[in-house]
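Okay, structure first, notes after.
Read-outs: derived from the displayed coordinates by stated rules, not from any lab. All values reported here derive from a predicted model rather than from experimental measurement. Positions of Cβ are backbone-derived with ideal geometry, glycine not excepted, and every protein chain shown enters the neighbour counts.
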Amino acid sequence: MSAPVHSLNRFLAEARPSATYKVMDRVAARRAAGGQVISLSAGEPDFDTPAHVCEAGIAAIRAGHTRYTQVAGLRALREAVAAKFRRENGLDVDWQDTLVCSGGKQVIFNALAATLNEGDEVIVPAPYWVSYPEIVQLCGGKAVTVACGADSGFKLTPDALAAAITPRTRWLILNSPSNPTGAVYGRAELQALAEVLRAHPQVLVLSDDIYEHLIFDGLAFHTLAQVEPRLRERVLTMNGVSKAYAMTGWRIGFGTGPAWLIEAMEKLQGQQTSGACTISQHAALAALTGPQDFIQQSRTAFQRRRDMVVELLNQAPGLHCEVPRGAFYAFASCEALIGKTTQAGTRLNSDEDVVNALLDEAGVATVHGSAFGLGPYIRIAYALDDVSLRQACEAIQKFNRTLLD
Ligand code: GLU
């Protein structure tokens with residue numbers, strides 16, 4: 001066989017496909033083949049986008065808002081984003097300090113692509129959202145993962161941060177509430193990390209606040225740039241409408257950070273997507289400026305679901321799950337299942353085997369913890385109605401009870 005003529009970009013060739021999307025694709029394929037699956041895999045709210053937001057999108061089309069906007073976003077939306085950062089996060093932000101992108105993912109991509117040179121290091125606390133290390137890799141950087149296990153509440157400690165920083169460190173990625181663990185950083189914890197960062201002025205911080213409003217038990221949300229204003233000039237605070245307003249498919253994310261960085265990200269975006277979808281921007285404007293009661297309603301529903309799911313998972317033999325304080329994920333250790341054999345004769349050698357067998361034999365889709373940098377765990381997204389959640393947890397319990405030693 002002759003050598004292939006075409007080759008992939010080497011950064012892409014070495015990157016892994018999105019593990020969450022791989023599971024979502026498997027679910028879609030099984031359903032298309034007539035299979036019944038309860039999916040606890042995708043991290044997206046099951047609620048409909050609020051009606052007034054949908055109406056704003058429809059009205060935008062009717063009004064002929066179907067052309068390009070400015071690359072950085074509609075001025076009115078950027079003003080609303082700045083007002084959101086002022087109102088909810090206490091950040092002194094002007095509309096020019098903001099950038100609107102096609103989803104939160106593009107905010108991250110833009111920031112890293114705009115700043116990383118080959119071999120630059122990005123500290124990624126593990127467990128992490130599956131896409132962080134891969135975006136770093138795609139941008140030519142090197143993800144330096146720092147293990148943050150259950151003993152530290154799945155959170156980065158100041159000592160672990162200090163030990164991971166090198167002269168090549170360009171970024172630290174923080175995500176609170178966290179995907180996949182639901183861990184939430186308190187003010188004092190962020191302050192302690194900020195103390196370490198202040199001694200390393202070359203390190204930028206990406207604060208991924210996308211789950212900001214999904215925070216339970218009356219806990220307050222804190223973000224690094226607010227907790228330590230002296231770091232403001234090197235923090236990119238990012239957020240979006242996907243999780244807060246059940247708008248994942250509209251693809252609108254946004255960020256605020258130092259002017260040089262926002263400018264660089266805008267330059268990149270201008271050669272890439274030309275800016276986010278105009279219709280979605282009008283809808284996002286309605287979400288940010290209209291009634292906010294949806295946020296409280298969905299938070300209440302998610303807290304109720306969390307309580308039910310964590311209780312049912314902890315009743316499943318071989319699973320152990322701490323109570324997550326935010327987001328809509330439960331991250332359960334499945335260590336006690338490793339080495340067991342399923343009714344269909346599959347030996348479970350890893351958390352990925354557990355996830356595959358759960359899908360094949362119990363009809364429940366989850367995502368393996370090792371895809372998030374910590375195994376053996378499974379991530380359960382409880383963004384689903386209560387009845388389906390109960391059914392899924394009971395199917396998991398039954399599956400676990402019938403495993404053979
Ligand atoms: N953030 C969500 C998740 O973790 C959506 C899918 C993705 O982009 O990874 O499931």
Karplus 3J(HN,Hα) series, Hz, for the range 391-405 with 6.51 cos²θ - 1.76 cosθ + 1.60 (x for Gly, Pro): 4, 5, 5, 5, 5, 5, 4, 5, 4, 5, 5, 9, 6, 9, 6
GNM result for the chain, Cα springs below 10 Å: residue of Q271, Q391, Q303 fluctuating most strongly: Q271
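Which order do peptides 172-178, 369-375, 33-39 fall in by mean Cβ count within 10 Å, highest first? Kindly include the intermediate steps, with their values, before the conclusion.
Values: 172-178: 25.9, 369-375: 22.7, 33-39: 13.3.
Answer by packing, highest mean first, reads 172-178, 369-375, 33-39.
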Ordering of 54-62, 141-149, 120-128, 92-100 by burial proxy (mean other Cβ atoms within 10 Å per residue, highest first): 120-128, 92-100, 141-149, 54-62
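Take the Cβ-Cβ distance between L8 and D307 as r, set R0 to 56 Å, and report the resulting FRET efficiency rounded to the nearest 0.05.
Numbers: r = 46 Å, r/R0 = 0.82.
That gives a FRET efficiency of 0.75.
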Stretch gain in nm, segment A162-A76, where the contour uses 0.36 nm per residue and the Cα spacing is subtracted: 26.9 nm
Placed amide H near F254: partners under 5 Å, 5+ positions off or other chain: C101, N239, G240
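Looking only at the range 101-255, where both bridge partners belong to it, what percent of the DSSP beta bridges are antiparallel (to the nearest 5)? Could you put the intermediate results ahead of the total?
Numbers: 4 of 22 bridges.
Antiparallel bridges make up about 20 percent of those DSSP assigns within the range 101-255.
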Between 0 and 90°, nearest 10: helix 51-62 axis offset from the chain longest Cα axis: 50 degrees
Pairwise label distance in nanometres, R347 with C54, each label 7 Å out on the Cα-Cβ vector: 5.1 nm
Rounded FRET efficiency, nearest 0.05, which uses the C-beta distance separating H320 from D385 and R0 of 30 Å: 0.75
Candidates W260, W129, W250: whichever shows maximal mean-square fluctuation once the chain is modelled as a Gaussian network with Cα springs under 10 Å: W260
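How would you rank 241-247, 284-290, 186-192, highest first, on the average number of other Cβ atoms within 10 Å across their residues?
On the way: 241-247: 24.7, 284-290: 22.6, 186-192: 16.0.
My ranking of the peptides, most packed first, is 241-247, 284-290, 186-192.
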In nm, spacing of pseudo-spin labels at R401 and Q296 (7 Å Cα→C-beta vector): 4.1 nm
Distance between the range 1-46 and the range 267-294 - C-alpha centres, whole angstrom: 27 Å
Within the chain, percent of DSSP bridges classed antiparallel, to nearest 5: 50 percent
Of K340/K398; K22/K105; K105/K243; K22/K142; K84/K155; K84/K243, those spanning more than 20 Å from alpha-carbon to alpha-carbon: K22/K142; K84/K155
